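Following: one structure in structure tokens, then a few remarks.
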Amino acid sequence: MTTDIDKHIGELEQFIKDTRKEDYSNSYLIAVLHKAQELYGYLPEKVLDVIAEKMGIPTARIWGVATFYHYFNLRPIGKFVISVCMGTACYVKGADEVLTAIMEHLGLKAGQTTKDKLFTLNEARCLGACGLAPVIMINDKIYGKLDRKSTVELLETIKKTGKLQ
Ligand code: FES
């Protein structure tokens, strides 16, 4: 039976094979992890085991690298990743209300992804747009001056259109 992991494993193994031809091939670990995340959308545990075996690097070291860099995801993420700023400026302007509205509307807690893989919810520290507080970021787009109502409307529009507004 073909699993989701098998789907891209050939391409990943070829990528690793190509890096083995280079000097200091173990220094290509970050590039290999990027390739794996590009193929799978995140870094499944079994894929990390394959990388460890093929690169001859202990799995513990690979986990260390994958968890150190925030851009690597160890769990599947949604098409739209929502980061709710809980920094001071946003907090005093009602970030917790915005976070609650999202949690209630999507039935999620921070760190979780909706079953339809559309949204992942995260909490963040200052997103550098304090003048627009309270602020959320969805993928790489900032939305500011939100309240419960406008947050829910934004989510509904994204759901309906399938794209960021
Ligand atoms: S505190 Fe939220 S953007 Fe700065």
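The values are calculated or read from the model by the stated rules, or taken from the named source; none is laboratory data. Just so we're clear, the structure is a prediction, and the values are computed from it rather than from any experiment. Every residue, glycine among them, receives a Cβ derived from its backbone with ideal geometry; neighbour counts consider all protein chains shown. Ligands, DNA and RNA are excluded from the accessible area calculation, which covers all protein heavy atoms including side chains. Shrake-Rupley method; radii C 1.70, N 1.55, O 1.52, S 1.80 Å.
Remarks
- Nonlocal amide H pairs with residue 80, under 5 Å, H built at 1.01 Å: 119, 120
- In this label model, residue 63 and residue 130 are separated by 3.8 nm, measuring between points 7 Å along each Cα→Cβ vector.
- For the range 39-79: rounded, prolate or oblate by the Cα gyration tensor [a/c cutoff 1.5]: oblate
- Placing R0 at 41 angstrom, the Cβ-Cβ distance between residue 53 and residue 116 gives a FRET efficiency of 0.75 after rounding to 0.05.
- Listed by chain and number, the lysines placed with their C-alpha closer than 30 angstrom to that of residue 149 are 79, 93, 109, 115, 117, 141, 159, 160, 163; residues fewer than eight positions away on the same chain are left out.
- Using alpha-carbon coordinates, inclination of helix 59-68 to the longest axis of the chain, degrees: 30 degrees
- With DNA, RNA and ligands ignored, accessible area of residue 59 (1.4 Å probe; Å², nearest 10): 50 Å²
- Gaussian network model of the chain, Cα within-10 Å springs - most flexible of 81, 65, 98: 65
- Unmatched cysteines, the chain - criterion: no other Cβ of a Cys under 4.7 angstrom: 126, 130
- When you filter the chymotrypsin sites (Phe, Trp or Tyr not before Pro) in the range 43-115 for DSSP loop state and at most 12 other Cβ atoms inside 10 Å of their Cβ, you are left with 69, 71.
- With at most 13 other Cβ atoms within 10 Å, longest stretch of the chain clear of loop trypsin sites (Lys or Arg not before Pro) (DSSP): 22-108
- In the assembled protein chains, residue 62 presents an accessible area of approximately 0 Å² (probe radius 1.4 Å).
- For residue 124, residues with placed amide H under 5 Å, excluding near neighbours: 84, 85, 86
- GNM flexibility winner over the chain from 133, 66, 31 (Cα, springs under 10 Å): 31
- Segment residue 165-residue 38, extension gain: residue separation times 0.36 nm, minus the distance between their alpha carbons: 43.3 nm
- Ellipticity at 222 nm from helices only: DSSP H runs of n ≥ 4 in the chain, each -39500 (n - 2.57), divided by the residue count, give -15000 deg cm²/dmol.
- Between helix 95-106 and the chain: long-axis angle, C-alpha atoms, 0 to 90°, nearest 10: 70 degrees
- With viscosity 1.002 mPa s and temperature 20 °C, the Kirkwood radius over alpha carbon pairs of the range 7-141 converts through Stokes-Einstein to a diffusion coefficient of 129 µm²/s.
- Cross-link reach list, lysines versus residue 17, counting only Cα pairs under 24 Å and skipping chain neighbours closer than eight places: 7, 35, 46, 54
- Nearest 10 degrees, 0 to 90: helix 148-161 Cα axis against the chain principal axis: 50 degrees
- Think of a 1.4 Å ball rolled over the protein heavy atoms: the chain then has 58 Å² of accessible area per residue.
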